[in-house]
Amino acid sequence: MADEKITSGRAFDRFISFSDSVTAVAITLLALSLVNIAAPQGEQSVWDVITLNSGAIWAFAITFAVVGTMWKSHARVFQSIQGYDHPMFLLNLAWLALIVLLPWPASLYGTSGNSVHQNGAPLSGAGLFYWLVLAAISFLLSAMSIHASRTPGLRDEAEMKAHQGGTVRGAAVRGLVFTVACIFIGIASLFAPIVAEWLPLILVPIGIFTNRYQREQLRST
């Protein structure tokens, strides 16, 4: 791709700042579902309120942690490039759109999670919807990493020479692994909602493994 089609400099700095700002607002909006939780009534204790709303609290905790991890990977990718082209702009815009959308499926998932904890009611597809949105966010991040690694005009050649693309390759692998894991959890939520609520814990060892893989890539270059 010709260099004149790459937008860099101050415009690229604004591009990154805009992405960071949108992500910050979206992750803040996740807390709105918790703000609306009613205070203890009558003889209720605060622990009763937490128990009754455990699904919403759990959904907030999971979403906050996953979005934080994805933002970190997003930052690593954009630290390794020096500009953006039209495909990168569209991929990033789609990623941001899903990040902004995320508080809605997170709220649906949390409400359904409350029902699961109280009477074992099914998630009615809310879990699948939520995890598919997270899978799409992760996949788009991987697509941005792959596009950056394959487009010479985008790459920061000094970083690529130093690490031979280890940073963006690691982000691509992380994105694909998280995509598969999210789809698996979403499908599991249709058949075993109680089990599926604990499956997100597998993302912890997955994150540790992919971090280790990325460090190995950087050390081997």
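Every number here is computed from the coordinates shown, using simple stated rules; none is lab data. Quantities reported herein were computed from a predicted structural model and do not represent experimental measurements. Every residue, glycine among them, receives a Cβ derived from its backbone with ideal geometry; neighbour counts consider all protein chains shown.
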Sorted from fewest to most neighbouring beta carbons within 10 Å, what does the list H86, H74 look like? H86, H74
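Net charge within 12 Å of H147 by Cβ-Cβ distance, Lys/Arg positive one each and Asp/Glu negative one each, not counting H147 itself? Could the numbers behind the result be given before it?
Values: positive: R150, R155; negative: D85.
Once positives and negatives cancel, what remains is +1.
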About the Cα centre of segment 1-105, how large is the charge dipole given +1 on each Lys and Arg Cβ and -1 on each Asp and Glu Cβ? Please answer in debye to the nearest 20. 180 debye
Would you order I6, I185 from fewest to most other beta-carbon atoms within 10 Å of each residue's own beta-carbon? I6, I185
